[in-house]
Amino acid sequence: MNIIELQKINKFFGKGSNQVHILKDINLSVEKGDFVAIIGQSGSGKSTMMNIIGCLDVPTSGSYKINGVEAGAMDKNQLAELRCKTFGFIFQRYNLLSNLKARENAALPAVYSGQNSEVRTKRAVELLQSLNLGDRLDNKPNALSGGQQQRVSIARALMNGGEIILADEPTGALDSGSGEKVMGIIKDLHRQGHTIILVTHDSKIASQASRQIEIKDGQIISDERKSSDIYEMKDRVPPIKRSRKDMIKYRFLESFTMSIQAIISNKMRSLLTMLGIIIGIASVVSVVALGNASQEKIMAEISSMGTNTIQIMPGTGFGDMRSGKIKTLKASDSDQLGKLSFIENATPTVSANGTLVYESNSLSAQLSGVGAEYFDVMGKKIAQGRIFSHDEVDRIASVVVIDDNTRKQIFSNTPNPVGSIIMFNKKPLEIIGVTEKEDSFGPAGNSMTLWTPYKTAMYKINGSEDINAIVVKVSDSVNSQVAEEGIEMILTALHGKKDFFMINSDSIKQTIESTTNIMKLLIASIAVISLIVGGIGVMNIMLVSVTERTREIGIRMAIGAKQMDILQQFLIEAILICIVGGIMGIALALLIGLGFNTFSESFGMDFSIPSIVLALVSSTGIGIVFGYMPAKNASNLNPIDALASE
């Protein structure tokens, strides 16, 4: 029974005037269990004919049937399955994968046929042991002699059964001793029932076959049978049955494993590929962390001005040159506002700059005259002592509360300055409390501030009933914009005109939040650009990798890898590189943050889980987007062209 039938096979290479007619109306039939040697000089077309028989190449015209089925009607995946389950290739240059051990190279065809790891490894070991390579199972190709490598390739050809063994110059790269051993193995395979098709230019090698075909200038010029020895194959590898779902899962896991092997075997290239992703992810995460910290710091500064507060000041607004001379606000205005239902507290403020003297220390300081509610309104906490009372405000008591900066500079050697007497503009004031430390940006963080009852500031310090501003705290249940409109209506009615303006902390907060969010987005966009550049780098290096590994791709396709197997392997490889690069980028960002936070006392980077997760998702997305093109290019390679690549 014929297993191979070729009718009027023609093969052309090139186009136009450069077109070369390699095979010319080839007619050939091969029976099951036969041993055929195809002999001819270099350029005669014998290797091209074998490549067509092995479904590595396709004819320009003609019919090729394998087991009665027209090969020309098969798609690429069906041809790959045919190569996987029917053919076994023995190449002149062995074509072993350099990063795999002998048993892994031998077992590779079973990966693409769907065999599980344990079973295929067991069979690979048995085949290698039968070929006297039991002590070389873990050796990689560079640790094997030429003859040993060829025996590994023979084991690989038999892995899925090898019903048809295609041997292309199997002894061409071997010394005479090794060549004789390989030919002995091939003849044994023939006796076991394998159909052998051997290509050679050596008549001595060809004479060992049962049938000898000579080809010259693309035409068969002789077909001579020397022996009628045809054997029936008995040791067949049973077909593997898997459900579609199980096969998809299996192929994914195998592609994942092979991708990890490829990354590990090319550590430096993989690390350089990751570098752009590492820098991009570290930049994005760090920028977002700095943006979060900056926003929190600014919000804390605004909160120190008072939560949900409105400051009322004389004049028409910021930039009013006359605002310092306008004295329209009165303490009575504060009293009236304090009676409104939507106002929790209202306090007038009086400012005074002067000289603070304590013992031999004399420094410039700022004194604020405020009401007893001021500390609640502005959210200031007391670290030592207490705040002054309403009674002390009314009695014009000479008491003062100092901030932590004043305590440090004036009372550096006094743990508790409460009860001490200081002089401000030559007026004695008794310290009754110290506020908690507050972190501030810029020079304001080192300024000295004191608070005294506003009546004390008015009558004892300034000698005037004028106030500088009114600070009110709006109830949390009331919208600050609505409260602002209500205050404007009341004060306008009291003054007969609008001779004041308001600063709403909530409006400032919203504006700054909006501004910082825009800045974060802008800076993050710049970081994302660096991430995209890193992705392009991944794509470029993966494209180079495909070029470098073209021969590897050809070998995988020759032993049964489908397009999806190649696509999946290279795509997973790109994704893994980006994920690992993303993780390393996040680790680098956290390391930068640790160093930054260690050396910065008042300001630190604030990392958020969502930004880290988003960065990791982004790196995965980049692997998919920028890894697809190289993976697709790899899967679209023609097996014979890939094998011919150096």
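Where a number appears in this text, it was derived from the coordinates with a stated rule and is not lab data. On a predicted model such as this, the values are computed, not experimentally measured, just so you know. Quick reminder, even Gly has a Cβ in these numbers, built from the backbone with ideal geometry, and neighbours come from all protein chains shown.
With axes computed from alpha carbons, what is the tilt in degrees of helix 267-304 against the longest principal axis of the chain, rounded to the nearest 10 within 0 to 90? Taking Cα atoms only, the helix is inclined about 20 degrees. Of the Cα atoms belonging to the stretch 2-241, the radius of gyration and Dmax stand at 17.6, 55 Å. Charged neighbours of MET542, selected by a Cβ distance under 15 Å, balance to 0 (K, R count +1; D, E count -1).
The stretch 570-646 and the stretch 125-155 have their alpha-carbon centroids 38 Å apart. Note on the stretch 327-498: Cα convex hull, mean projected area over all directions, 10.7 nm². Taking 0.36 nm per residue of separation and subtracting the Cα-Cα distance, full extension of the segment from GLU232 to LYS437 would add 64.4 nm.
Summing charges over neighbours of ARG191, with a neighbour being any other residue whose Cβ is under 13 Å away from its Cβ, gives -3 when K and R count +1 and D and E count -1.
Multiply the residue separation of ASP223 and LEU522 by 0.36 nm, subtract the distance between their alpha-carbon atoms, and state the gained length in nm to one decimal. Contour length minus the Cα-Cα distance gives 100.0 nm. Taking other residues whose beta carbon is less than 10 angstrom from the beta carbon of LYS380, and scoring Lys, Arg as +1 and Asp, Glu as -1, yields -3. Normalising by residue count, the stretch 124-275 has a Cα convex hull of 193 Å³ per residue. With N the number of residues in the stretch 79-198, Rg(Cα) / (2.2 N^0.38 Å) evaluates to 0.96. For the stretch 361-453, the equivalent ellipsoid derived from the alpha-carbon gyration tensor has semi-axes of 19, 16, 13 Å in decreasing order.
Averaging Cα coordinates gives a centre for the stretch 331-379 and one for the stretch 53-93; these two points are 93 Å apart. Axis of helix 609-635 versus longest Cα principal axis of the chain: the two differ by about 20°, to the nearest ten degrees.
For Rg/Rh (Cα atoms, Kirkwood Rh), computed directly from the structure shown, the correct entry in [x] 1.35; [y] 1.27; [z] 1.24 is [x].
Against the longest alpha carbon principal axis of the chain, how many degrees, from 0 to 90 and to the nearest 10, is the axis of helix 117-130 turned? Around 40 degrees separate the two axes.
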